[in-house]
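The block underneath contains the structure these notes are about, expressed in structure tokens.
The values are calculated or read from the model by the stated rules, or taken from the named source; none is laboratory data. These figures come from a predicted structure and were not determined experimentally. Positions of Cβ are backbone-derived with ideal geometry, glycine not excepted, and every protein chain shown enters the neighbour counts.
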């Protein structure tokens, strides 16, 4: 890769792009102004623009995370290639590792659905966040933080969209890519969440309803 006539290694460019796009996508998620009642809706349904904005923001953040991890992986491959005295042995190992990853994805799928539990209040937003799956696997703190950074803005926006919910314990379905932990809520606002222990504010007459509670 060349920039301004100078050769630049690929992996630093990928990492730099990742570190630029990922926080940009997270910022867009936090700035989503569309978490409000759908215009003309008497039931307080969320404006469809909120999901469009969220989807585009997740795309930016996901590309950033993929570029960053891809750059680090590329750097690792280049480092190992210089340590192998036999190029054939290195290429054979690389092909074997690639086949194992492809088989792993083919058997388990590109992404996995998880259940995220959280505590939310109108003053602080999401204050507790955990992720579980059907196999009850433990996740690393870094994985959990990356997932939380991507999911929390949507939860805060959706929970606050009704206007009269003070606090609640909740759970929501999320989907996480297996190789790169790109995450986003699924079916949020369409039976994709469950709220318990809800406390409400005292809304003025005619205020719109809070998100549906199951």
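Cβ-Cβ distances below 6 Å connect the following pairs, each with a first residue in the stretch 143-168 that is in contact (Cβ under 8 Å) with a residue 24 or more places away in the chain and at negative phi, a second residue that is surrounded by fewer than 16 Cβ atoms within 10 Å (Cβ to Cβ) and in a helix (DSSP H, G or I), and a separation of six or more residues or different chains: 153/30. If you check 120, 115 for being loosely packed, with under 15 Cβ neighbours inside 10 Å and at pLDDT 90 or above, only one passes: 115. Of the strands (runs of 3 or more DSSP E) entirely within the stretch 99-200, those holding at least 3 residues that are out of contact with any helix residue (DSSP H, G or I) (no Cβ under 6 Å at 6 or more places or on another chain) occupy 111-121, 125-132, 165-177, 193-200. For the stretch 153-174, the candidate set comprises residues that are under 25 Å from residue 111 (Cα atoms) and surrounded by fewer than 20 Cβ atoms within 10 Å (Cβ to Cβ); within that set, the residue that is farthest from the chain's Cα centre (by Cα) is 171. If only residues of the stretch 32-71 that are at pLDDT below 90 and exposed (fewer than 14 other Cβ atoms within 10 Å of the Cβ) are counted, the one that is nearest to residue 92 (Cα to Cα) is 48. Only one of the numbered conditions (1) at pLDDT 90 or above; (2) surrounded by fewer than 14 Cβ atoms within 10 Å (Cβ to Cβ) is not met by residue 107, and that is (1). Comparison of 29, 14 shows that the only residue that is modelled with pLDDT under 95 and buried (at least 19 other Cβ atoms within 10 Å of the Cβ) is 14.
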